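The structure appears right after this line, and notes come after that.
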Amino acid sequence: MSELFSVKGKTVVLTGGAKGIGAMIRDALVDAGANVLVLARTAGEDQSARDGKGSCIFLAHDLSTAEGVATAVAEVIARTPVVHVLINNAGVLTMAGLSDLTPTQWDAEMAINLRTPFMLVQALLPQLKQASRPEDPARVINIGSIAALWAKSSSAYAYSASKGGLHQLTRALASDLTRDGINVNAIAPGFFPSDLTDGFFDAAEGLREQVIGGIPSGRLGEPSDIAGAVIFLASKASNYISGSILPVEGGLVSA
């Protein structure tokens with residue numbers, strides 16, 4: 001079983017891994033023995049291999065523009081010839097009502113939440129193919145959102161639309177890339193402690209308590225919840241799964 005769920009020695013490219021869910025994913029992968037390249041706007045503290053665990057290197061890049069993505073990809077390629085797992089986690093959320101959302105805000109969210117994941121897959125495709133093995137495909141894991149699974153705007157129009165697009169992009173990429181030895185899946189997290197979630201809760205007084213009260217599990221997500229989903233999709237345990245959207249939301253939408 002330990003081999004089935006192992007990611008030890010795998011090279012992982014993770015976007016937005018400096019805080020929030022991204023930091024939870026980063027720490028879980030490093031603890032499990034993966035070597036993680038974190039693409040984030042702000043650099044963090046690198047972690048060298050230690051005690052048989054993995055490592056983490058922060059690469060400071062702005063992924064909100066095509067030029068920024070190209071620069072980030074160039075550094076990744078310079079550092080590694082293979083990418084076993086690409087995790088598109090970086091995202092932004094604008095809380096604005098129907099009459100208040102501006103074209104600039106809309107475009108900014110679509111850029112980082114939807115365009116950037118596609119461009120990274122496109123640019124790192126040779127490295128993903130190089131890492132793929134018949135007994136262990138390469139992986140693309142897109143971090144979508146519960147916002148794309150329920151019919152509530154909550155004044156997050158651009159965010160939910162971009163994440164809905166990311167879910168569909170996941171399926172479309174899977175239809176093309178699975179035959180090439182690259183499994184493509186998405187995780188749709190519910191409410192986890194993060195700056196993004198705090199921004200959502202701040203939109204209305206009492207919203208945090210209201211949301212938690214509606215979650216069948218009775219709580220927000222914890223680091224181990226997202227860690228288990230990521231390790232599963234990054235390891236041999238998910239070899240026969242591609243094109244799926246995995247809700248990790250305590251039953252808020254699913255139950």
Practice prompt. Kindly provide the trypsin sites (Lys or Arg not before Pro) of region 50-96 that DSSP labels as loop, not H, G, I, E or B, and whose Cβ sees at most 10 other Cβ atoms within 10 Å.
Written response: Arg50
Worksheet item: So for Lys10, Lys236, fewest C-beta neighbours within 10 Å to most, what's the order?
Response: Lys236, Lys10
Worksheet item: Do the sum for the chain: with -39,500 (n - 2.57) for every DSSP H run of n ≥ 4, divided by all residues, what is the mean residue ellipticity at 222 nm, to the nearest 500 deg cm²/dmol?
Response: -12000 deg cm²/dmol
Fill in: Tyr159, Tyr240 arranged by Cβ crowding within 10 Å, fewest neighbours leading
Tyr240, Tyr159
Worksheet, complete the sentence: Exposure proxy check on Leu4, Leu101: fewest-to-most Cβ neighbours within 10 Å is Leu4, Leu101
Worksheet item: Relative contact order of the chain: what whole-number percent is it, with Cα pairs under 8 angstrom and at least 6 residues apart?
Response: 20
Discussion item. Which one, Thr116, Thr104, Thr170, has the greatest fluctuation when you compute a Gaussian network model over the chain with C-alpha springs under 10 angstrom?
Written reply: Thr104
Item to complete: For region 71-118 and region 1-33, write down the distance between their C-alpha centroids in whole Å.
Response: 19
Response to the item:
With the dipole of the chain defined by +1 on each Lys or Arg Cβ and -1 on each Asp or Glu Cβ, the option from Val83, Trp106, His61 whose Cα lies farthest towards the positive pole is Val83
Worksheet item: Could the peptides 175-187, 218-230 be put in order, highest first, of the mean number of other beta-carbon atoms found within 10 Å of their residues?
Response: 175-187, 218-230
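No value in this document is a laboratory result; all are computed from the given coordinates. Predicted, not measured: the structure shown is a model, and the values here were computed from it. No Cβ is skipped: glycine too gets one built from the backbone with ideal geometry, and neighbour counts run over all protein chains shown.
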